[in-house]
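The values are calculated or read from the model by the stated rules, or taken from the named source; none is laboratory data. Note that the structure is predicted; figures quoted are calculated from it, not measured. Note that each Cβ is placed from the backbone with ideal geometry, even for glycine, and that neighbours are counted across all protein chains shown. The protein model used for the area step is the full one, side chains on, heavy atoms only, and it has no ligands, DNA or RNA in it. Shrake-Rupley method; radii C 1.70, N 1.55, O 1.52, S 1.80 Å.
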Amino acid sequence: MLTGQEYKDSLKDGRKVYFAGRQIEDFATEPALGVPMQVAADGYDKHYSAEPGAVNPLIDGPRSPEELRDKIPVLMEMDLLLNVTYQSLMTLLVAAPRIEGVAPQFVERIHAYVADAKARDIRITECITDSKGNRSKHPADQDDPDSYVRVVDRGPDGVVIRGAKMHISAAALGHDLMVMPTKNMKPGEEDWAICAAVPVNAPGVHITNTTYHPYGRDERDHPTSARESVPDSMCIFDDVFVPNERIFLDGQAAQAAVFAHSLGLWERLGGTAFMVEQADELVGLAQLIAEANGTAKISHIREKIDEMMIHATLLRAGLEAALLHAHETPDGYFYPDDMYTNVTKFQGAAQFSKMVRHLHEIAGGAVLTAPSMSDFDNETLRPYLEKYMSTGDGVSGEYRTKLFHAIRDTTADAYGGWHHVTNIQSGGGLFAQRLVTRRHYDMTRAKSLALKAAGLAGD
Ligand SMILES: Cc1cc2nc3c(=O)[nH]c(=O)nc-3n(C[C@H](O)[C@H](O)[C@H](O)COP(=O)(O)OP(=O)(O)OC[C@H]3O[C@@H](n4cnc5c(N)ncnc54)[C@H](O)[C@@H]3O)c2cc1C
C-alpha cells in the first residue's frame, strides 16, 4: 500500500494537468489542487498498512446484503477519490458477468486489472460523460465524430482513442481514468463502444480543472468547502494509445451501456447516501439557526422544519429499501436495487432546492451578509459584532455568525451552487432516473388496481 507521501510523489509522473490556463507541475504549489490532494493523501495514511501484500479493505466488494449495508457509513467516511475508485472497481466487477456471454475475453482482463489496481493501491476516476455534440444525434451522426470518445486505430497490441470526457470528478488527482461509453451504441457504432483504463500520464491526455475551493479566502468563512471541494475536469484524449490488457470492451456495440448502467447504480447509491446525510444536515442547520434567532417555536418555522424532517426521513427510507432489496451478481457480489436507488436519488435531487428555500427563509439575510470571521479578529470590531450578531440567551455573536457561514457555504455560495447543479446532474440528470424507474416499476399491478377500482377487473 502507499503512504500519503508516496501517493503525492506518485502524481509527479509527467501528467499534463492545467489550472486557470497554466500547466501545473507541482500540485503542492497550487492551493486549489494541493488541498484536495492532501485530503486524498490523508485518506491513504488513514488506511495504510505496512504488511506485505496488504490491500485497502474498504474497496472490497460486498459479499452479502449485510456487507452492502455496512458499506454506507464507510462510503460517507471515504474521501471522494477513494469513493470513485471503489465505484469504478465495483462497476467492472458487476459488468464482467454481464458481458461474459458475448465478450468472454474481457472478463479475465477485468479481474486481473481489479487485482492489480488493489495491489498497487491506485486511485481511479470515472470517465463516462462525453462532450456529446448535438444531443439529439447519435455518435455516428455527429458533425464531429470525436464528440463521443472513439477508437481511431487498432493494432495487435492495443487501440488508439480520441475524444473528451467532461465534468470528471478528481480526474487530475487519480492514477487511472476509467473510460466507459456513455450510452448504448447502434450497429455501425462499434468504434464508440470502448471501455478502457487509461493512465493519467499517458501521452496525449490533457486535464483541465474547475474548482469551487475557496482558495485565497478565509477558510473559517467556508467551513465545508475548504475541506471538501474537489476539482472537476475535462479529460482530453488526443490519440492516446491503450494496450490490450487495459481494454475491457472494444467494438461490442450492444454491450456499450453495460458499464454506464453498472456505474450509475454505484454512483447513485453513493449520491443517495450522501443526500440522506445532506438532508439531515439541512434539518440540523434549520433547527440551530431557528433556535439562535429565537424563532424555533413559531408555527410557520416549525412547519418548514417538519417538512424538511419528513423529506430527510423519506430519503432514508428509500435508501433502506434499496439495501433491503439488494441483488446478487453471478460472481456473488451484492448491489443495491435499481429502482429504489433511482427514485430516492430523483426525489432527493428534485426536492433539494425546496428544502434549501425553507432553510434560507428560516435563517434570514445574514446567510449572505454575516461578517467574516476575520472581522471578529479585529479588536475594534469584535465587541460590536458580538453585540449585534448575538440574540441574547447565551447565543454568542460568533456562534450565530458561524452558523450563517455554514449555511452560505453549503447552500448559497460557489460550493452551494455546485451542490444545486451536482445533485441534479451527477449520475445522469433527473431524466436518467425517470427512465430507470419506468423500466422497473410494476405497471401491470398498478393497472390491475385501477381496473379493479373502475369495476373493469374482469375485462
Ligand atoms: C459536479 C459534477 C461532477 C460530475 N462528475 C462526473 C464524473 O466523475 N464522471 C462522469 O462521467 N460524469 C460526471 N458528471 C456528469 C454528469 O453525469 C452529467 O452532467 C449528466 O449526465 C448530464 O450530462 P451533461 O452535463 O452533458 O448535460 P446534457 O446531456 O446536455 O443534458 C442537459 C439536459 O438535457 C437532457 N437531454 C440531453 N440529451 C437528451 C436526449 N437525447 N434526450 C432527452 N433528454 C436529453 C438531459 O436529461 C438534461 O436534463 C458530473 C457532473 C457534475 C455537474
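Working only within segment 67-85, note down all residues that are open to solvent by less than 70 Å² (accessible area, probe 1.4 Å) and touching a strand residue (DSSP E or B) at 6+ places or on another chain (Cβ under 8 Å).
Across segment 67-85, the qualifying residues are Leu68, Leu80, Leu81, Val84, Thr85.
Might you check whether a residue that is more than 24 Å from the chain's Cα centre (by Cα) and either β-branched (Val, Ile, Thr) or under 26 Å from Ser131 (Cα atoms) (or both) occurs anywhere in segment 414-433?
no
Among the helices (runs of 4 or more DSSP H) lying completely within segment 388-457, list those that include at least 3 residues that are of a type in the set (Lys, Arg).
Because the criterion is at least 3 residues that are of a type in the set (Lys, Arg), the helices (runs of 4 or more DSSP H) in segment 388-457 that meet it are 397-411, 430-440, 443-453.
Test of understanding: among Gly429, Gly417, which residue is under 30 Å from Arg302 (Cβ atoms) and small (Gly, Ala, Ser)?
After applying the criteria, what remains is Gly417.
What number goes with the only condition from (1) touching a residue at least 40 places away in the same chain (Cβ under 8 Å); (2) open to solvent by less than 30 Å² (accessible area, probe 1.4 Å) that Val283 does not pass?
(1)
Looking at Thr272, Thr313, which is the one that is open to solvent by 10 Å² or more (accessible area, probe 1.4 Å), outside the structural domain of Asp70 (by TED's automatic domain parsing) and hydroxyl-bearing (Ser, Thr, Tyr)?
Result of the check over Thr272, Thr313: Thr313.
Cβ-Cβ under 6 Å, sequence separation 6+ or interchain: first residue in segment 300-329 and closer than 30 Å to Pro97 by Cα, partner among the β-branched types (Val, Ile, Thr). Which pairs?
The qualifying pairs are Gly318/Thr344; Leu319/Thr272; Leu319/Val276; Leu319/Thr344; Ala322/Thr341; Thr329/Val94.
Among the residues of segment 211-233, is there at least one that is assigned to a strand (DSSP E or B), away from the ligand (no atom under 14 Å from the Cβ) and more than 30 Å from Leu403 (Cα to Cα)?
Among the residues of segment 211-233, not one is assigned to a strand (DSSP E or B), away from the ligand (no atom under 14 Å from the Cβ) and more than 30 Å from Leu403 (Cα to Cα), which makes the answer no.
Looking at the structure I just gave you, is Leu68 away from the ligand (no atom under 16 Å from the Cβ) and not small (Gly, Ala, Ser)?
Taking the combined requirement at face value, the residue satisfies it.
Exactly one of these conditions fails for Ala457: (1) touching a Leu at 6+ places or on another chain (Cβ under 7 Å); (2) without any contact (Cβ under 8 Å) to a residue 24 or more places away in the chain; (3) within 16 Å of the ligand (Cβ to nearest atom). Give me its number.
For Ala457, the exception is condition (3).
Is it true that some residue in segment 382-395 is away from the ligand (no atom under 16 Å from the Cβ), more than 21 Å from the chain's Cα centre (by Cα) and closer than 30 Å to Gln347 by Cα?
No; the residues of segment 382-395 include none that is away from the ligand (no atom under 16 Å from the Cβ), more than 21 Å from the chain's Cα centre (by Cα) and closer than 30 Å to Gln347 by Cα.
Condition first: in contact with a Cys (Cβ under 6 Å, 6 or more places away or on another chain), within 15 Å of the ligand (Cβ to nearest atom) and open to solvent by less than 10 Å² (accessible area, probe 1.4 Å). Can you find one or more residues in segment 179-197 that meet it?
yes
Could you say which residue among Ser49, Ser88, Ser64 is open to solvent by less than 40 Å² (accessible area, probe 1.4 Å) and closer than 25 Å to Val179 by Cα?
Exactly one of Ser49, Ser88, Ser64 is open to solvent by less than 40 Å² (accessible area, probe 1.4 Å) and closer than 25 Å to Val179 by Cα, namely Ser88.
Results for (1) modelled with pLDDT under 95; (2) open to solvent by 10 Å² or more (accessible area, probe 1.4 Å), shown as yes or no for each residue.
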{"position": "Ile236", "(1), (2)": "no, yes"}
{"position": "Pro243", "(1), (2)": "no, yes"}
{"position": "Asp250", "(1), (2)": "no, yes"}
{"position": "Ala260", "(1), (2)": "yes, yes"}
{"position": "Gly264", "(1), (2)": "yes, no"}
{"position": "Glu267", "(1), (2)": "yes, yes"}
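Among (1) open to solvent by less than 60 Å² (accessible area, probe 1.4 Å); (2) in contact with a Ser or Thr (Cβ under 8 Å, 6 or more places away or on another chain); (3) in a helix (DSSP H, G or I), where does Val107 come up short?
In the conditions (1) open to solvent by less than 60 Å² (accessible area, probe 1.4 Å); (2) in contact with a Ser or Thr (Cβ under 8 Å, 6 or more places away or on another chain); (3) in a helix (DSSP H, G or I), Val107 misses (2) alone.
Just need a number here: residues in segment 425-445 that are within 16 Å of the ligand (Cβ to nearest atom) and open to solvent by 50 Å² or more (accessible area, probe 1.4 Å).
Result for segment 425-445: 6.
Grab the strands (runs of 3 or more DSSP E) fully contained in segment 117-178, keeping just those with 1 or more residues being more than 13 Å from the ligand (Cβ to nearest atom) and open to solvent by 40 Å² or more (accessible area, probe 1.4 Å).
150-154, 158-169
Would you kindly identify the helices (runs of 4 or more DSSP H) lying entirely within segment 1-101 that contain at least 3 residues that are assigned by TED's automatic domain parsing to the domain that holds Tyr113 and under 25 Å from Ala273 (Cβ atoms)?
Helices (runs of 4 or more DSSP H) meeting the threshold: 31-47, 65-77, 80-99.
Is it the case, given these coordinates, that Arg382 is charged (D, E, K, R) and in contact with a Phe, Trp or Tyr (Cβ under 6 Å, 6 or more places away or on another chain)?
Criteria met by Arg382.
With respect to Asn184, is the statement that it is over 20 Å from the mean Cα position of the chain (by Cα), at pLDDT below 95 and part of a loop (DSSP other than H, G, I, E, B) true?
Against the criterion (over 20 Å from the mean Cα position of the chain (by Cα), at pLDDT below 95 and part of a loop (DSSP other than H, G, I, E, B)), Asn184 qualifies.
Are any residues in segment 209-232 of a type in the set (Ser, Thr, Tyr) and under 18 Å from the mean Cα position of the chain (by Cα), and if so, which ones?
Correct list: Thr210, Thr211, Tyr212, Thr224, Ser225, Ser229.
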